[in-house]
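The block underneath contains the structure these notes are about, expressed in structure tokens.
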Amino acid sequence: MPVEAAAAPVIAIDGPSASGKGTISERVAAALGFHYLDSGALYRLVALAALRADIDLDDETALAALALDLDVQFGGGVIILSKQNVTDDIRSEICGMGASKVAALPGVRAALLARQQAFRKPPGLVAEGRDMGTVVFPDAQLKVFLTASAEVRAGRRYKQLKEKGIDANIRLLLQELRERDQRDSARSVAPLQKAVDARELDSTGLGIEEIVRQVLDWYRQKAAGSLGQ
């Protein structure tokens with residue numbers, strides 16, 4: 001990694017599914033003029049590519065090879081996989097559940113690690129996921145663990161799906177979220193957990209702008225502290 005890239009500041013925002021990481025991270029990145037990494041999209045892409053290639057989601061060797069060779073392009077809010085726009089496809093519930101399964105495989109995580117770290121470029125990066133602050137960017141200048149109650153997160157996911165015209169059952173969504181939380185927290189490699197030096201932010205009763213403002217305040221405090229040393 002180039003020296004200037006390694007020196008670029010990172011804000012790592014981790015948390016469970018539907019906690020609002022994506023929306024908050026994008027807005028924080030835009031406010032600071034930083035790059036943005038949606039690490040979950042990479043695992044969703046692996047799951048989607050596997051489903052299209054009829055690869056079993058338990059076949060670690062085949063999935064790791066697939067992850068290494070993903071033909072992916074990000075830009076302008078659009079995700080291209082093998083020359084096809086899959087921006088909406090990877091947001092389906094089947095891809096979300098598939099991502100949780102493939103993310104538990106050490107071979108897949110190892111294959112995607114360097115790809116994720118390559119997003120670190122000047123002037124800085126906002127990276128969101130489940131192990132950004134614990135594994136991928138352990139030296140992040142600011143680490144945030146964003147949470148919300150399972151009921152609130154299920155409600156958010158239900159609203160997102162309905163707005164896209166996708167039929168959904170909120171009770172089923174709540175059950176799936178709880179199952180995914182358990183699977184993500186219990187996996188042996190890079191489990192979902194709060195970094196010891198992360199700041200926890202419960203978004204249950206907060207609006208988007210309040211959360212963004214808090215993260216920006218924390219980052220500016222950190223940056224000011226670094227300059228003062």
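When only residues in segment 70-114 that are of a type in the set (Ser, Thr, Tyr) and over 14 Å from the mean Cα position of the chain (by Cα) count, which is surrounded by the fewest Cβ atoms within 10 Å (Cβ to Cβ)?
Filtering segment 70-114 for residues of a type in the set (Ser, Thr, Tyr) gives 82, 87, 92, 100.
Now narrow it down to the ones that are over 14 Å from the mean Cα position of the chain (by Cα): 82, 87, 92.
Details: SER82: 12, THR87: 15, SER92: 18.
That would be SER82.
Looking only at segment 120-146, count every residue that is assigned to a loop (DSSP other than H, G, I, E, B) and out of contact with any Phe, Trp or Tyr (no Cβ under 8 Å at 6 or more places or on another chain) and tell me the total.
Qualifying residue count for the region: 8.
GLY165: touching an Asp or Glu at 6+ places or on another chain (Cβ under 8 Å) and small (Gly, Ala, Ser), yes or no?
Spelling it out, it is not the case that GLY165 is touching an Asp or Glu at 6+ places or on another chain (Cβ under 8 Å) and small (Gly, Ala, Ser).
Would you tally the residues in segment 31-59 being closer than 23 Å to GLY75 by Cα, of a type in the set (A, V, I, L, M, F, W, C) and out of contact with any strand residue (DSSP E or B) (no Cβ under 8 Å at 6 or more places or on another chain)?
Of segment 31-59, the ones closer than 23 Å to GLY75 by Cα are 31-50, 52.
With of a type in the set (A, V, I, L, M, F, W, C) added as a condition, the list becomes 31-32, 34, 37, 41-42, 45-50.
Applying the additional criterion that residues be out of contact with any strand residue (DSSP E or B) (no Cβ under 8 Å at 6 or more places or on another chain) yields 31, 46-47, 50.
Residues meeting the conditions: 4.
Give the residue, chosen from ARG153, ARG178, ARG183, ARG171, that is in a helix (DSSP H, G or I) and within 11 Å of GLY15 (Cβ to Cβ).
On the way: ARG178 fails: within 11 Å of GLY15 (Cβ to Cβ); ARG183 fails: within 11 Å of GLY15 (Cβ to Cβ); ARG171 fails: within 11 Å of GLY15 (Cβ to Cβ).
Of the residues listed, the single one that is in a helix (DSSP H, G or I) and within 11 Å of GLY15 (Cβ to Cβ) is ARG153.
Here, each number is a calculation from the coordinates, and none is a lab measurement. Just so you know, these numbers come straight off a predicted model, no measurement behind them. As a convention, Cβ positions derive from the backbone with ideal geometry for all residues, glycine included, and neighbour counts pool all protein chains shown.
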